[in-house]
Amino acid sequence: MRLLLAISVAALAACAAPPPAAAPTPAARAVPATEPFAEDIARFEAADRTSPRRHGGVLFVGSSSIRLWPALGSDFPGVDVVQRGFGGAELSDVSRYAPRIVLPYRPRLIVLYAGENDLAAGKPAAAVFREYQAFVGLVRRALPETRIAFVAIKPSGSRWSLVNQMREANDLIRQYSATDERLLFVDVFTPMLGPDGKPREELFVGDRLHLNAAGYALWRDLLRPIVRANE
């Protein structure tokens, strides 16, 4: 009888006890923010899947001055040209995406325009130079024979307050390029200045930042001997 009473009491106690606490729900994983220029890079990669590129061509890469070049292919007839510009890009962005939109093409020549946005973002000329050195090092490790032509930071009228930084960055990259025959410096800065030493407004569209047809014609003529060399 005592045994039966003890079992009944234990059963009642078990029923009255609160249920065990539920295991804590794992915290939701943070969704990484979309990388800058992700849509541009994805579009380039989609185009490459549709029309695979041959190795040994000429890759134009950089910021909007490359992206907006309207007749890049026809400006260099007979040359296998790849256009990979994305607006707003800084030199660090070009390096970040180089494994996806530079190195896979194994180009014989890379034509690079970047650095102007870096200065506009407040980076000093020395930082622009270091970013360029980093890009060169990245390319050298994968493609030791590929030449790199750096198009000088242009004298945009809308950014004329940065002219001293532009000159300094260009000078640093010019001197660096002179130490390696695989590096070329294309001086577009000087011929884009008028007799008064100011930007030639007839080379720009209304925003005084992006090039018009005359501006691109000037670039084409300066780049043509380099692009066509060693075809």
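Pairs meeting the criteria (first residue in segment 84-97 and under 12 Å from Arg130 (Cβ atoms), second residue among the aromatic types (Phe, Trp, Tyr) and buried (at least 19 other Cβ atoms within 10 Å of the Cβ), beta carbons under 8 Å, at least 6 apart or on different chains) are Leu91/Tyr132; Leu91/Phe135; Ser95/Phe135. The condition of being part of a helix (DSSP H, G or I) and open to solvent by less than 10 Å² (accessible area, probe 1.4 Å) holds for only one of Ala42, Ala98, Ala47, Ala89, that being Ala98. For segment 85-102, the candidate set comprises residues that are of a type in the set (Gly, Ala, Ser) and under 8 Å from the mean Cα position of the chain (by Cα); within that set, the residue that is farthest from Glu35 (Cα to Cα) is Gly85.
Each residue in segment 94-110 was checked for being under 10 Å from Val61 (Cβ atoms) and not hydrophobic (A, V, I, L, M, F, W, C), and 3 of them qualify. Reported count of residues in segment 188-198, each being touching a strand residue (DSSP E or B) at 6+ places or on another chain (Cβ under 7 Å) and either β-branched (Val, Ile, Thr) or under 10 Å from Gly215 (Cβ atoms) (or both), is 2. Any residue at all in segment 167-186 that's farther than 24 Å from Ala127 by Cβ and of a type outside the set (Lys, Arg)? There is at least one residue in segment 167-186 that is farther than 24 Å from Ala127 by Cβ and of a type outside the set (Lys, Arg).
The values are calculated or read from the model by the stated rules, or taken from the named source; none is laboratory data. In this text the structure is predicted, and so the values were computed from the model without any measurement. Counting neighbours? That spans all protein chains shown, and the Cβs are built from the backbone with ideal geometry, glycine included. Heavy atoms of the whole protein, side chains included, go into the accessibility calculation; ligands, DNA and RNA do not. Shrake-Rupley method; radii C 1.70, N 1.55, O 1.52, S 1.80 Å.
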